[in-house]
Amino acid sequence: MAYQRLQVNNSIDVIPSDTVPIPDPATFALEQSNTDMSAPGIVTGTGFENKGIQQGAILYAQTSQKAYTVVSVDSDTQLTVTPSLAATAIEYITIFNSATLGASLYVSTLGDVSVQMASQRNQPDAALGGINPAVFYNVAQGSFMPILVTRVNDTLTTSTNIKALF
């Protein structure tokens, strides 16, 4: 009898966003607590230049569960990010220098999952405009989704605790 078998080397907890793609865990650059994100679009911390943070890097604000893209590395202690939303004053952040080319998903809770498929990643702003997102309705708790995605959209996604599998 045939059965589906997924072999996973790595995984990352996904923070859904309509604009920020899923990061590639192989490009992990920095993990830091006590980072100030109280000013919209500004991140204050340490070691940004020293750790090689690049323009276009993906910042996961773990405390507030928001995802950002690095617009510029202003100094070793300051980044400019988009979207320009204030997070909590003190954040635990993780930064990855690039996005994934595609990941499968594990969905922990019952709900809907809206994604950008890997085949759409190079198309101009596929953030719910111009390209219809793929929406999977009523995905069962504990489901593996053997599709290649580059982003889990915040809009239309009701499932939580989603993991990207690599």
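The values are calculated or read from the model by the stated rules, or taken from the named source; none is laboratory data. A quick note: this is a predicted structure, and the numbers were derived from the prediction, not measured. Neighbour counts are summed over all protein chains in view; Cβ atoms, including those assigned to glycine, are modelled from backbone coordinates with ideal geometry.
Please find, among Y92, Y60, Y106, the residue that is of a type in the set (F, W, Y), over 21 Å from R151 (Cα atoms) and under 17 Å from the mean Cα position of the chain (by Cα).
Y92
Looking at the structure I just gave you, is D24 under 25 Å from S159 (Cα atoms) and modelled with pLDDT of 95 or more? Here the answer is yes, as D24 does meet what is asked. Taking V71, is it closer than 19 Å to V14 by Cα, surrounded by 15 or more Cβ atoms within 10 Å (Cβ to Cβ) and aliphatic (A, V, I, L, M)? No: the conditions fail for V71.
The strands (runs of 3 or more DSSP E) located wholly in region 1-61 that include 1 or more residues which are among the charged types (D, E, K, R) and within 25 Å of D74 (Cα to Cα) occupy 28-36. Out of A126, A87, A140, A57, one residue alone is modelled with pLDDT of 95 or more and buried (at least 17 other Cβ atoms within 10 Å of the Cβ). It is A57.
The set of residues in region 42-54 being buried (at least 21 other Cβ atoms within 10 Å of the Cβ) and of a type in the set (V, I, T) consists of V43, I53. Check whether at least one residue in region 18-41 is among the charged types (D, E, K, R), over 14 Å from the mean Cα position of the chain (by Cα) and surrounded by fewer than 16 Cβ atoms within 10 Å (Cβ to Cβ), and report yes or no. Yes - at least one qualifying residue is present in region 18-41.
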